[in-house]
Amino acid sequence: MATLTTNKNFLMPSGFKLTIDSTLYPNLEFFCTNVTLPEIGIESTSAPFRGDTAFVTGDRVAYGDLGITVLVDEDMNSYKEVYDWIIAQAKTDETLLSDGALSILSSKNRLNNTIWFNDMFPTSLGGVEFVTNGDAEYLSVDITFKYTTFSLEKAYSPA
């Protein structure tokens with residue numbers, strides 16, 4: 001039986017940190033400005049029953065893609081790390097996987113939850129639009145990842 005939470009603080013959209021193997025992708029981590037937590041669903045199956053259609057839950061969980069946005073630094077290191085990762089995957093017979101963690105911070109900037117992504121790899125590196133007129137905005141790029149599963153882990157908090 002579920003109980004009503006005692007924590008009435010709302011989750012802040014800026015209270016997060018993405019961690020992906022910092023020895024290989026330090027710029028990807030540092031320049032990450034946006035993460036879209038993927039949708040999760042369970043398949044259903046229809047079954048005819050007494051002139052109606054009944055639905056039962058399936059046994060497969062479907063995970064959406066993980067989407068992130070990173071700022072592109074002047075040397076394009078944040079872009080190049082993902083570019084190299086995708087090119088390396090295309091040139092080898094094995095998938096280059098990395099585990100990742102999305103750390104969710106509380107309203108007091110303390111670790112509150114961690115969402116673990118297992119066996120991540122990039123499937124899409126968005127385009128970067130250069131313009132000669134308009135307001136000076138920093139360039140960013142969208143990146144899409146596939147992964148095997150994700151799980152939510154509550155951080156330990158002393159009573």
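Just so it is clear, none of the values below were taken in a lab; they were calculated from the coordinates. Treat the numbers as computed from the prediction; the structure is a model and nothing was measured. Don't worry about glycine lacking a Cβ; one is built from the backbone with ideal geometry, like all the others, and counts go over all protein chains shown.
Quick notes on this one:
- Compactness ratio for the chain: Cα radius of gyration over 2.2 N^0.38 Å (N = residue count) comes to 1.31.
- Gyration tensor over the Cα atoms of the stretch 1-70: the corresponding equivalent ellipsoid has semi-axes (square roots of 5 times the eigenvalues, largest first) of 38, 21, 10 Å.
- Counting lysine pairs in the chain that sit 8 or more residues apart in sequence, or on different chains, and whose Cα atoms lie under 18 Å apart gives 6.
- The loop-placed GluC sites (Glu not before Pro) in the stretch 81-138, going by DSSP, that have at most 13 neighbouring Cβ atoms within 10 Å of their Cβ come out as GLU94, GLU129, GLU137.
- Other residues whose C-beta falls under 12 angstrom from the C-beta of ASN112 contribute a net charge of +3, scoring Lys and Arg +1 and Asp and Glu -1.
- Taking the C-alpha atoms only, the angle from helix 77-91 to the longest principal axis of the chain is near 70 degrees.
- Dipole magnitude for the chain: about 880 debye, using +1 per Lys or Arg Cβ and -1 per Asp or Glu Cβ, origin at the Cα centre.
- Protection proxy ranking, peptides 46-52, 73-79, average beta carbon neighbours within 10 Å, highest first: 73-79, 46-52
- Computed about the Cα centre, the dipole magnitude for the stretch 1-77 is approximately 540 debye when only Lys and Arg (+1) and Asp and Glu (-1) carry charge, each at its Cβ.
- Residues with amide H under 5 Å from that of SER124, placed H, sequence gap 5 or more: THR144
- Under a Gaussian network description of the chain, with springs only between Cα atoms under 10 Å, the residue in VAL35, VAL72, VAL128 that fluctuates furthest is VAL128.
- Seen from THR23, the other residues with C-beta closer than 12 Å to its C-beta sum to a net charge of -3, counting Lys and Arg as +1 and Asp and Glu as -1.
- Each other residue within a Cβ distance under 14 Å of THR33 adds +1 if Lys or Arg and -1 if Asp or Glu, for a net charge of -3.
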